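Visitor: Just dropping this structure here.
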Amino acid sequence: MISPTEISPFRLGIRGQETVSDETLAALFTLPAFRIVAAALPDPLLAVDADENILFLNTAMAQLSGIPAASAERLPLANFLCRAGFRLEENPEDEGRTDGLARLVSTADGRFLPVQRRVLASGELARGHRLYIVRPGETPALPRRPARAMPRAAEGAGLALPPGLKEQVQRATRAYRRGVRILLLGESGVGKTVIARHIHDLAAGKDAPFVHVNCGSIPETLFESEMFGYERGAFTGALQAGKRGFAEAARGGTLFLDEVGEIPLSSQAKLLKFLEDSTIQPVGSPVSKRIETTVITATNRDLREMIGQGRFRGDLFYRIATFPMLVPSLRDRPDKEALLDTLLAKVNAGRQLQLRLSPGCRAALLAAYLPGNVRELSGIIDYLDIVADELATPEHLETVLSVEAAPPAALPAQEECVTLKEMTAVFEDQVLRDAIARYGSKREAAQRLGIDNATLIRKLRRLTG
């Protein structure tokens, strides 16, 4: 909870005021008289609309953020704060109220500035447009919090990559810098979003906007207006001030189209035009706009098969798949143990008592079939963080490991081995060799498998004749 902090006197008469329309509020921030008065205020002032796009910032806020007002207005608030090097922390207890406390926290050194939030009443409820009034000045360093600002699932997967995938990411980064479009392929949960963000940070910079669009969550009837925006009064129910689309919000950065295979066929033509000439035409506007942004796409579907079934346009596929990149599933990654240690280190960064995995727990996690891939493994580590004090054991995994059985190992053809004993020997050989490859030595593999080193060597000699 944010402690009450002194703020500069600034009153807009929110309490008891008559509600006004969204259109009237939006028009207020364009009035020259308002801008002159706001520019004279010593306190930084920021106004956002109901969609959290910046409508106005005064001179003091532009100086504090280092971003000119002309460049900031219509930016999403999250992108503006990222570019300015801040994050906004609001008091959850103030949700739904017309006023409340917040603070701007520097992502560089943890210092923070107290903020007063005011909601301008619109319609029958207090909602929509918000004002943030900042009190600049030296403040004590923000205490370290055990909770992490970003989900661990999003962080951990990007920090441990097998050599082959590292090389692919390096090539993809070069492709991005040359304006080549990247298509990330792989099962759900393998870390495609993390890799897309990593490529963006390396090639475009962390200050450039990164707009993540889940294409599967956009209704077909709203695809055009959500992707390309709309003008004031374009259709019934539209915001009076209009709305900027995802493509325009990603100007100068990355438009990441996740689950691109879920885009309805009727909407694919609209996306194709944008990819061909980099222009958009907001719904209700007679004028086209040129948008310079780099597009990265991702899917867990077989797009070539969808093309053959008539469910995905071939011309769109060739526009987005200039540089296709396959992200391997967790079961196919040789660095599974290194990834596990990375996720564990993320958990321990916020703990006083360091979490350790017993040999049995570690072996169970490495051997488990996890259809959710890295995302599922990260979730299991988060669960262990809660239920285990210092040492996680196999008993802690009983309720979280997937109940779905692993796919059966491929058995030899009938003419190669016909008895159960021979089939068992083939399976045992596969297990032993996989363990040696995973742990790097016969001694370590034997320990992890629960047998002595001499037994493992004897079995290998028998299997190799």
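The values are calculated or read from the model by the stated rules, or taken from the named source; none is laboratory data. The model shown is predicted, which means the values in this text are computed figures rather than measured ones. Positions of Cβ are backbone-derived with ideal geometry, glycine not excepted, and every protein chain shown enters the neighbour counts.
Visitor: Which of the residues spanning segment 315-332 are aliphatic (A, V, I, L, M) and either touching a residue at least 60 places away in the same chain (Cβ under 8 Å) or not assigned by TED's automatic domain parsing to the domain that holds Ser188 (or both)? Step through it out loud before you land on a result.
Guide: Applying the first criterion (aliphatic (A, V, I, L, M)) to segment 315-332 yields 316, 320-321, 325-327, 330.
The answer is Ile320, Ala321, Met325, Leu326, Val327, Leu330.
Visitor: Same structure, new question: Can you tell me how many residues in segment 152-204 are over 26 Å from Asp385 (Cβ atoms), of a type in the set (S, T, N, Q) and either surrounded by fewer than 19 Cβ atoms within 10 Å (Cβ to Cβ) or at pLDDT below 90 (or both)?
Guide: 2
Visitor: Let me ask something else. Which condition does Ile380 not pass, out of (1) touching a strand residue (DSSP E or B) at 6+ places or on another chain (Cβ under 9 Å); (2) without any contact (Cβ under 8 Å) to a residue 40 or more places away in the chain, if it passes all the others?
Guide: (1)
Visitor: Next up: Does Ser266 satisfy being among the small types (Gly, Ala, Ser) and surrounded by 14 or more Cβ atoms within 10 Å (Cβ to Cβ)? Step through it out loud before you land on a result.
Guide: On the way: among the small types (Gly, Ala, Ser): yes; surrounded by 14 or more Cβ atoms within 10 Å (Cβ to Cβ): no.
So Ser266 fails the test.
Residue by residue, here is whether (1) free of Cβ contacts under 8 Å to residues at least 12 places away in the same chain; (2) touching a strand residue (DSSP E or B) at 6+ places or on another chain (Cβ under 8 Å) holds:
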| site | (1), (2) |
| --- | --- |
| Leu31 | yes, no |
| Arg35 | no, yes |
| Ala38 | no, yes |
| Phe56 | no, yes |
| Met61 | no, yes |
| Ala84 | no, no |
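Visitor: For Arg35, only one of the following conditions fails: (1) at pLDDT 80 or above; (2) surrounded by 19 or more Cβ atoms within 10 Å (Cβ to Cβ); (3) of a type in the set (D, E, K, R). What is its number?
Guide: (2)
Visitor: Would you mind stating whether Val403 is surrounded by fewer than 16 Cβ atoms within 10 Å (Cβ to Cβ), modelled with pLDDT of 85 or more and of a type in the set (A, V, I, L, M)?
Guide: Numbers: surrounded by fewer than 16 Cβ atoms within 10 Å (Cβ to Cβ): yes; modelled with pLDDT of 85 or more: no; of a type in the set (A, V, I, L, M): yes.
Here the answer is no, as Val403 does not meet what is asked.
Visitor: Follow-up. Considering (1) among the polar types (S, T, N, Q); (2) in contact with an Asp or Glu (Cβ under 6 Å, 6 or more places away or on another chain); (3) buried (at least 18 other Cβ atoms within 10 Å of the Cβ), say which one Ser329 fails and leave the rest.
Guide: For Ser329, the failing item is (3).
Visitor: When you look at Leu303, is it under 30 Å from Leu265 (Cβ atoms) and over 20 Å from the mean Cα position of the chain (by Cα), yes or no?
Guide: Details: under 30 Å from Leu265 (Cβ atoms): yes; over 20 Å from the mean Cα position of the chain (by Cα): yes.
Judged against the criteria, Leu303 is a match.
Visitor: Would segment 104-113 turn up any residue that is at pLDDT 80 or above, surrounded by 15 or more Cβ atoms within 10 Å (Cβ to Cβ) and out of contact with any Phe, Trp or Tyr (no Cβ under 6 Å at 6 or more places or on another chain)?
Guide: yes
Visitor: Give Thr297, Thr293 a once-over and let me know the one that is farther than 30 Å from Ala435 by Cα, hydroxyl-bearing (Ser, Thr, Tyr), modelled with pLDDT of 95 or more and assigned by TED's automatic domain parsing to the domain that holds Glu248. First the steps, then the outcome.
Guide: On the way: Thr293 fails: modelled with pLDDT of 95 or more.
Result: Thr297 is the single residue among Thr297, Thr293 that is farther than 30 Å from Ala435 by Cα, hydroxyl-bearing (Ser, Thr, Tyr), modelled with pLDDT of 95 or more and assigned by TED's automatic domain parsing to the domain that holds Glu248.
Visitor: With the requirement that a residue be polar (S, T, N, Q) and more than 21 Å from Arg331 (Cβ to Cβ), what does segment 346-390 give you? Working first, answer last.
Guide: Taking segment 346-390 as the starting set, the residues that turn out to be polar (S, T, N, Q) are 348, 352, 354, 358, 373, 378.
Within segment 346-390, Asn348, Gln352, Gln354, Ser358 qualify.
Visitor: Taking segment 279-300 on its own, how many of its residues are surrounded by fewer than 15 Cβ atoms within 10 Å (Cβ to Cβ) and closer than 23 Å to His200 by Cα?
Guide: Restricting attention to segment 279-300, the residues satisfying the condition of being surrounded by fewer than 15 Cβ atoms within 10 Å (Cβ to Cβ) are 279, 286-288, 290, 292.
Pick out the ones that are also closer than 23 Å to His200 by Cα and you get 279, 290, 292.
Residues flagged as surrounded by fewer than 15 Cβ atoms within 10 Å (Cβ to Cβ) and closer than 23 Å to His200 by Cα within segment 279-300 amount to 3.
Visitor: Looking for whichever is over 23 Å from the mean Cα position of the chain (by Cα) and either more than 16 Å from Arg118 (Cβ to Cβ) or modelled with pLDDT under 75 (or both) here; the options are Asp51, Asp22, Asp43. Which one fits? Spell out the reasoning first.
Guide: Values: Asp51 fails: over 23 Å from the mean Cα position of the chain (by Cα); Asp43 fails: either more than 16 Å from Arg118 (Cβ to Cβ) or modelled with pLDDT under 75 (or both).
Going through Asp51, Asp22, Asp43 in turn, the sole match is Asp22.
Visitor: A further question on this structure: Condition test on Gly96, is it outside the structural domain of Glu226 (by TED's automatic domain parsing), of a type outside the set (D, E, K, R), surrounded by fewer than 17 Cβ atoms within 10 Å (Cβ to Cβ) and at pLDDT below 80?
Guide: Working: outside the structural domain of Glu226 (by TED's automatic domain parsing): yes; of a type outside the set (D, E, K, R): yes; surrounded by fewer than 17 Cβ atoms within 10 Å (Cβ to Cβ): yes; at pLDDT below 80: yes.
Against the criterion (outside the structural domain of Glu226 (by TED's automatic domain parsing), of a type outside the set (D, E, K, R), surrounded by fewer than 17 Cβ atoms within 10 Å (Cβ to Cβ) and at pLDDT below 80), Gly96 qualifies.
Here is a yes/no grid of residues against (1) assigned to a helix (DSSP H, G or I); (2) in contact with a strand residue (DSSP E or B) (Cβ under 6 Å, 6 or more places away or on another chain); (3) at pLDDT 70 or above; (4) of a type in the set (Lys, Arg):
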residue: Leu411; (1), (2), (3), (4): no, no, no, no
residue: Glu415; (1), (2), (3), (4): no, no, no, no
residue: Val418; (1), (2), (3), (4): no, no, no, no
residue: Met423; (1), (2), (3), (4): yes, no, no, no
residue: Asp429; (1), (2), (3), (4): yes, no, yes, no
residue: Asp434; (1), (2), (3), (4): yes, no, yes, no
residue: Arg443; (1), (2), (3), (4): yes, no, yes, yes
residue: Ala446; (1), (2), (3), (4): yes, no, yes, no
residue: Leu456; (1), (2), (3), (4): yes, no, yes, no
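Visitor: While we're looking at this one, here's another question. Any residue at all in segment 333-352 that's more than 25 Å from the chain's Cα centre (by Cα) and either crowded, with 20+ Cβ neighbours inside 10 Å or touching a residue at least 40 places away in the same chain (Cβ under 8 Å) (or both)? Step through it out loud before you land on a result.
Guide: To start, the set of residues in segment 333-352 that are more than 25 Å from the chain's Cα centre (by Cα) comprises 352.
So of that shortlist, the ones also either crowded, with 20+ Cβ neighbours inside 10 Å or touching a residue at least 40 places away in the same chain (Cβ under 8 Å) (or both) come out as none.
No: segment 333-352 contains no residue that is more than 25 Å from the chain's Cα centre (by Cα) and either crowded, with 20+ Cβ neighbours inside 10 Å or touching a residue at least 40 places away in the same chain (Cβ under 8 Å) (or both).
Visitor: Is it the case, given these coordinates, that Ala392 is small (Gly, Ala, Ser), modelled with pLDDT of 90 or more and under 26 Å from Glu444 (Cβ atoms)?
Guide: Working: small (Gly, Ala, Ser): yes; modelled with pLDDT of 90 or more: yes; under 26 Å from Glu444 (Cβ atoms): yes.
It is true that Ala392 is small (Gly, Ala, Ser), modelled with pLDDT of 90 or more and under 26 Å from Glu444 (Cβ atoms).
Visitor: Select from segment 383-401 the residues that are β-branched (Val, Ile, Thr) and either farther than 17 Å from Gly189 by Cβ or touching a residue at least 24 places away in the same chain (Cβ under 8 Å) (or both) and list them in ascending order.
Guide: Taking segment 383-401 as the starting set, the residues that turn out to be β-branched (Val, Ile, Thr) are 386-387, 393, 399-400.
Hits for segment 383-401 are Ile386, Val387, Thr393, Thr399.
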